[in-house]
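Remarks on the structure that follows.
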Amino acid sequence: MKRRGFLIAGGLLGGGALLGVSLSTPPSAQSRLGDKTIFPASGEQVALNGWVKIMPDGRVIVASPRAEMGQGVHTALAMLVAEEMDADWAKVSTEQAPVAQIYANTALLINVIPFSADDDSTLARLARRTVQKVGYALSLQVTGGSSSVRDAWEPMRLAGATARAMLVDAAAQSWGVSPESCSVQAGVVSHAASGRKASFGELAAATATIAPRSEVKLKDPRAYQLIGKPTPRTDIPAKVNGSAEFGIDVRPDGLLYAAIRHSPVFGGKVARFDAAKAKASRGVSDAFVIQEQAVVVLADRYWRAKTAIESLDIEWADGPHAQLDSAQISAQLQAALQGSDSGTGFRSQGGADKALSQAKLKLEATYSAPFLAHAAMEPINCTAQFKDGHLTVWCGTQVASLARWRAAKVAGLETEQVTLHVPLLGGGFGRRLELDMIEEAVLIAKQTQGRPVKLVWSREEDMQHDMYRPAALASFAAALDEQGQPSAWLNRVAAPSIGLSTTERLLPSFAADSPDKNHIEGAFDLPYAVPNLSVRQLRVKTPVPVGSWRSVGHSYNAFFTEGFIDELAHAAGKDPFEYRRALLADKPRHRQVLELAAAKAGWAQALPAGRARGIAVHESFGSWCAQVAEVSLEGGQVRVHRVVCAIDCGVVVNPDTVEAQMQSAIVYGLSAALFGEITLKKGRVEQSNFPSYEAIRMAQMPQIEVHILPSSAAPGGVGEPGTPPIAPAVANALFALSGERLRDLPLRPKTNLPAKKQA
């Protein structure tokens, strides 16, 4: 076993032993069924297991353990249960699940272990079993990694099937017939021989005394009535009429509002400020410092708190990073690539160095990507009330279990003394995986004498104090044989470690500079057939905090790898689509989405003068996605006219959601590709709001077509896989158009093609 494997195995085994967790068997869907005490009934509700409750009027309530942040997860998860229950979809609703072990997201944790999906080695199998078991033991309730449906696919269908069986057993017992002679359709149990029928509501009371069966049979997919069918999202009506409650909408009685200003320099602190001046402002009740690095002003209205804090002349102690700028970060990344440290090998086959040294035709290139902010539309906020030894928190968070744990730790309480409410999120993208807003709100609530307080960050605070997508630099070297096929591929990626940065914030005593799959994903799992391959990561430490950003490492590594493979196609004199297709001969899912996107885009068809197409394909989060971008370049301005997207995400629960998620991911990725960049000067982030951190506007939106490849494979993710291919597809199209190879994000062509004359 190599050193990397030994360290990984040791860490996993050590973690399992520390927790007293058996490493032999991961949690099964049956073990995650839970009992009715986990999802407690109130009023006339009847709980059937940890996922399902029914009402006397026939309504079915489904526990949703994942946060709804616009991705349609409440609808998709409810569909899984309703399908197996044969419930009346019009009577199905969701309720945010409490924090409990059965809701742990074990699928997400598997994403972070440094093994490819098709690695079936003993070590890989052990790692997967271990993280499932550890995650389950810790009840890690996380929404991220495009994993919600993947994690829920078995337990929630089983919960629905078990609930259905209980209802059938209750009816059969009441009628004195065999359960096998009964059927269920649209929330009604029927006995054809006697003509008797009973709705779920009529059976609710009787079902409360029925023991769940130890085994139930799941539906044959050919019998699905909901899964795979376009279904309107259940959260849309409330969002349209304004009744939906987001974190920013929470208003408990007696609410105070808190505005905050953090040190503008990374690592800086508050030296002094005039609290009396703030308190003299209308409606302001208090002003103080928290965590040494932020000033807080409390008022009876948010605008009054914000106005008062903006009027303060705060003196800051800038600390050691006051001269940090983007050029220094770039130099660090460059030094890492050129230095003697070989980094951590994530994939090695054949002998890449030897093959390169003997090659007649060798290509080299360096690609870069900047820091990026999340820029979620709903401002960062959290409401907290610390009263009578109990803490209540309202926060749109992606990490319910960690949020509750951290809130308790900050308040000096046990987790049982904390109640967490998770309202709707106005955008997550990884930003609400963080706990900074919760820590701050709890600290503030400890000083409000039992009154609830809502902390709201301004847009400027969010933009300049984010946990950013890492800046990254990648070097490539490849050798081509006489047929133009790559015989060697050497890729090194330098970037800050998301894993280390996150651990330093949450569990500093466990922080270690260890291999980080998030850093190198999308690079080490290169799908193309290359006999000699080496992919290595170099983790660079900077003062800039980094975190998960939509599609994480795939967001930059897809741009790097798909850009460089396009360079190889050009050097070989081959069509970029055909070149990729040939190198994916043993990767059928990659090849099929590539072919579908190219066919639907009319790859071989001529375009009007002044336009060109680019193509990219990428696998991430258990799904395969290919995109073709059609672009023009006039007066130095990039215009994307059309994007054709093909996605293979396994079994599709709701096609409408898949299409919407692909559109969303493309818009998000396109904004980053054309405009996104966080820069530093004198230790400060220069961008402060959307005027200086642009996004795609409605008039700039391309036509987007989404084509879903039919599949019977297990579900893959859909929230993120649409983001990685868009930047390389656009960059490759720009090369085809102008001959200028853009290797840096955001894409800023120097080529200035003449504007077309108006007819």
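Residues in segment 581-609 that are in a loop (DSSP other than H, G, I, E, B), more than 23 Å from LEU526 (Cβ to Cβ) and open to solvent by 40 Å² or more (accessible area, probe 1.4 Å): ALA604, GLN605, ALA606, LEU607, PRO608, ALA609.
Taken as a whole, segment 496-510 holds at least one residue that is over 19 Å from the mean Cα position of the chain (by Cα), open to solvent by 30 Å² or more (accessible area, probe 1.4 Å) and of a type in the set (A, V, I, L, M, F, W, C).
When you go through GLY343, GLY339, GLY396 one by one, which is the residue that is open to solvent by 30 Å² or more (accessible area, probe 1.4 Å) and over 27 Å from ARG684 (Cβ atoms)? Of GLY343, GLY339, GLY396, the one residue that is open to solvent by 30 Å² or more (accessible area, probe 1.4 Å) and over 27 Å from ARG684 (Cβ atoms) is GLY339. With respect to VAL92, determine if the residue is open to solvent by less than 10 Å² (accessible area, probe 1.4 Å), in contact (Cβ under 8 Å) with a residue 12 or more places away in the chain and not charged (D, E, K, R). It is false that VAL92 is open to solvent by less than 10 Å² (accessible area, probe 1.4 Å), in contact (Cβ under 8 Å) with a residue 12 or more places away in the chain and not charged (D, E, K, R). When residues in segment 358-392 are screened for being more than 30 Å from the chain's Cα centre (by Cα), among the charged types (D, E, K, R) and not in a strand (DSSP E or B), 2 of them pass. Please work out if GLU578 is surrounded by fewer than 18 Cβ atoms within 10 Å (Cβ to Cβ), in a helix (DSSP H, G or I) and in contact with a helix residue (DSSP H, G or I) (Cβ under 9 Å, 6 or more places away or on another chain). In short, yes. I'd like to verify a number: residues in segment 689-711 that are among the hydroxyl-bearing types (Ser, Thr, Tyr) and either crowded, with 24+ Cβ neighbours inside 10 Å or over 24 Å from the mean Cα position of the chain (by Cα) (or both), how many? Summing the residues that are among the hydroxyl-bearing types (Ser, Thr, Tyr) and either crowded, with 24+ Cβ neighbours inside 10 Å or over 24 Å from the mean Cα position of the chain (by Cα) (or both) in segment 689-711 gives 1. Pairs linking a residue in segment 179-195 that is closer than 14 Å to ALA163 by Cβ to a residue that is open to solvent by less than 60 Å² (accessible area, probe 1.4 Å) and part of a strand (DSSP E or B), with Cβ atoms under 7 Å and 6 or more positions apart or on different chains, are GLY187/SER199; VAL189/CYS182; VAL189/ALA198.
Close contacts from segment 482-500, counting a first residue that is closer than 17 Å to SER514 by Cα and a second that is open to solvent by 30 Å² or more (accessible area, probe 1.4 Å) and among the aliphatic types (A, V, I, L, M), with Cβ to Cβ under 8 Å and a gap of 6+ residues or different chains, come to GLY499/VAL112; LEU500/ALA511; LEU500/ALA512.
Residue-by-condition table, conditions (1) over 25 Å from ALA471 (Cα atoms); (2) in a helix (DSSP H, G or I); (3) out of contact with any Leu (no Cβ under 6 Å at 6 or more places or on another chain); (4) not polar (S, T, N, Q):
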| residue | (1), (2), (3), (4) |
| --- | --- |
| SER632 | yes, no, yes, no |
| SER688 | no, no, yes, no |
| HIS707 | yes, no, no, yes |
| ALA736 | yes, yes, yes, yes |
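Checking the stated criteria, ARG213 turns out to be surrounded by 12 or more Cβ atoms within 10 Å (Cβ to Cβ) and out of contact with any Asp or Glu (no Cβ under 7 Å at 6 or more places or on another chain). If only residues of segment 612-663 that are more than 23 Å from GLY522 (Cα to Cα) and of a type in the set (D, E, K, R) are counted, the one that is most open to solvent (accessible area, probe 1.4 Å) is ARG639.
Condition check ((1) of a type in the set (Ser, Thr, Tyr); (2) open to solvent by 10 Å² or more (accessible area, probe 1.4 Å); (3) touching a residue at least 60 places away in the same chain (Cβ under 8 Å)) across all residues:
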| position | (1), (2), (3) |
| --- | --- |
| ALA29 | no, yes, yes |
| ASP35 | no, yes, no |
| TRP51 | no, no, yes |
| ILE61 | no, yes, no |
| ALA67 | no, no, yes |
| GLU84 | no, no, yes |
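Tell me whether segment 221-230 contains one or more residues that are open to solvent by 50 Å² or more (accessible area, probe 1.4 Å), in contact with a helix residue (DSSP H, G or I) (Cβ under 7 Å, 6 or more places away or on another chain) and either modelled with pLDDT of 95 or more or farther than 22 Å from GLN385 by Cα (or both). Yes, segment 221-230 contains at least one residue that is open to solvent by 50 Å² or more (accessible area, probe 1.4 Å), in contact with a helix residue (DSSP H, G or I) (Cβ under 7 Å, 6 or more places away or on another chain) and either modelled with pLDDT of 95 or more or farther than 22 Å from GLN385 by Cα (or both).
The values are calculated or read from the model by the stated rules, or taken from the named source; none is laboratory data. These numbers come from a predicted model, not from an experiment. FYI the Cβ positions are ideal-geometry reconstructions off the backbone, even for glycines, and counts take in every protein chain you see. For accessibility, only protein heavy atoms count, side chains too; no ligands or nucleic acids. Shrake-Rupley method; radii C 1.70, N 1.55, O 1.52, S 1.80 Å.
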